[in-house]
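Engineer: Just dropping this structure here.
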Amino acid sequence: MKNILKYSILMICGLVIIACKTEIVEPIDLDALETGGYIRTVSPYPVAASTFNYKITDMGGTKMEIVAEAVTPNKGADFASYELFVKFVDATASNGTKTTSILPLKTILASAFTKDAITGYPRATITVTGTEALTASKLAIGDITAGDRFEITGTMKLTNGKTYNAANTGANITGGAFYSSPFFYRVNVLQ
């Protein structure tokens with residue numbers, strides 16, 4: 001009886017082993033996955049709605065200035081340019097409504113970025129003076145008052161023609177603390 005029990009247990013174990021079939025799963029081909037990029041705002045950090053201001057009395061001297069880093073899987077090798085656009089939002093009705101559509105501001109080519117010694121990604125200091133924003137918006141100094149704002153947005157272009165901006169990037173990238181890539185900068189108008 002002991003032997004029958006032992007042989008029965010061995011036979012059941014053998015059937016279980018033979019009955020199990022392991023499906024071989026192919027590993028994910030990481031090189032075939034689509035990748036993109038983003039422009040990290042290194043400084044100032046974090047970027048908030050009150051970070052940047054233009055003074056009406058000194059439009060040429062006040063500026064929005066950021067240190068930007070172009071991040072792609074290959075350390076920025078496929079980064080082509082960062083295009084900036086501006087929109088003026090007239091938030092004060094006292095001088096009429098001068099809100100503009102989104103207009104081209106300037107393009108910073110990848111050649112203006114230099115490789116950072118610590119991160120290995122290309123970095124550049126990007127500056128937009130009040131005068132530049134005003135001129136691109138096709139406005140005169142009399143068209144703006146304290147309380148209005150400029151909205152500067154960016155679009156990252158890669159050498160393969162793909163573009164990335166706030167409209168096609170997820171909240172983890174645009175609002176995440178690590179990525180710090182809003183692709184959007186609000187500049188308030190002060191007296």
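The values are calculated or read from the model by the stated rules, or taken from the named source; none is laboratory data. Keep in mind that what you see is a predicted model, and the values were worked out from it rather than measured. Cβ placement follows ideal geometry from the backbone for every residue including glycine, while neighbour counts extend to all protein chains displayed. Areas reflect the complete protein model, heavy atoms only, side chains present, ligands, DNA and RNA absent. Shrake-Rupley method; radii C 1.70, N 1.55, O 1.52, S 1.80 Å.
Engineer: So what are the three principal axis dimensions of the chain from its Cα atoms, in whole Å, longest to shortest?
Structural biologist: 105, 37, 28
Engineer: So, with a 1.4 angstrom probe, what is the percent of accessible area on the stretch 46-181 that is carbon and sulfur?
Structural biologist: Ligands and nucleic acids excluded, carbon and sulfur give 55 percent.
Engineer: At 1.4 Å probe size, with no ligands or nucleic acids counted, give the accessible surface of GLU65 in Å², nearest ten.
Structural biologist: Its heavy atoms expose roughly 80 Å² to the probe.
Engineer: In µm²/s, what is D for the stretch 127-191 at 25 °C and 0.890 mPa s, where D = kT/(6 pi eta Rh) by Stokes-Einstein and Rh is the Kirkwood radius from Cα pairs? Could you put the intermediate results ahead of the total?
Structural biologist: Values: Rh = 13.8 Å.
Reported coefficient: 178 µm²/s.
Engineer: Follow-up question, since we're still on this one. Within the stretch 84-191, list the chymotrypsin sites (Phe, Trp or Tyr not before Pro) lying in a DSSP loop whose Cβ has at most 16 other Cβ atoms in a 10 Å radius.
Structural biologist: Values: sites: PHE85, PHE88, PHE113, PHE150, TYR164, PHE178, TYR179, PHE183, PHE184, TYR185; in loops: PHE113, PHE178, TYR179, PHE183.
In loop regions of the stretch 84-191 (DSSP not H, G, I, E or B), the sparsely surrounded chymotrypsin sites (Phe, Trp or Tyr not before Pro) are PHE178.
Engineer: Something else now. What does the convex hull of the Cα atoms come to per residue for the stretch 41-110, in Å³? All intermediate terms of the calculation are to be shown ahead of the outcome.
Structural biologist: Numbers: hull volume 8.9 nm³, N = 70.
Given the Cα convex hull of the stretch 41-110, per-residue volume reads 128 Å³.
Engineer: To the nearest 10 square angstrom, what accessible area does MET11 show with a 1.4 Å probe?
Structural biologist: Roll a 1.4 Å probe over it and MET11 shows about 130 Å².
Engineer: Scan the chain and hand back the longest stretch that contains none of the trypsin sites (Lys or Arg not before Pro) lying in DSSP loops with at most 16 other Cβ atoms within 10 Å.
Structural biologist: 76-137
Engineer: List the pairs from LYS75/LYS157; LYS63/LYS162; LYS75/LYS106 whose alpha-carbon separation is above 26 Å, in the order I gave them.
Structural biologist: LYS63/LYS162
Engineer: In terms of modelled amide H atoms, which long-range or inter-chain residues lie less than 5 Å from the amide H of ALA80?
Structural biologist: Amide H neighbours of ALA80: LYS157, LEU158, THR159.
Engineer: Mind checking the angle between helix 2-19 and the chain's longest principal axis? C-alpha axes, 0 to 90 degrees, to the nearest 10.
Structural biologist: In the chain, helix 2-19 runs at an angle near 40 degrees to the longest axis.
Engineer: Using each residue's phi in the stretch 136-146, evaluate 6.51 cos²θ - 1.76 cosθ + 1.60 at θ = phi - 60° and report the 3J(HN,Hα) Karplus result to the nearest Hz, with x for Gly and Pro.
Structural biologist: Using θ = phi - 60°, the values come out as 5, 7, 6, 10, 9, 4, x, 7, 10, 9, 4 Hz.
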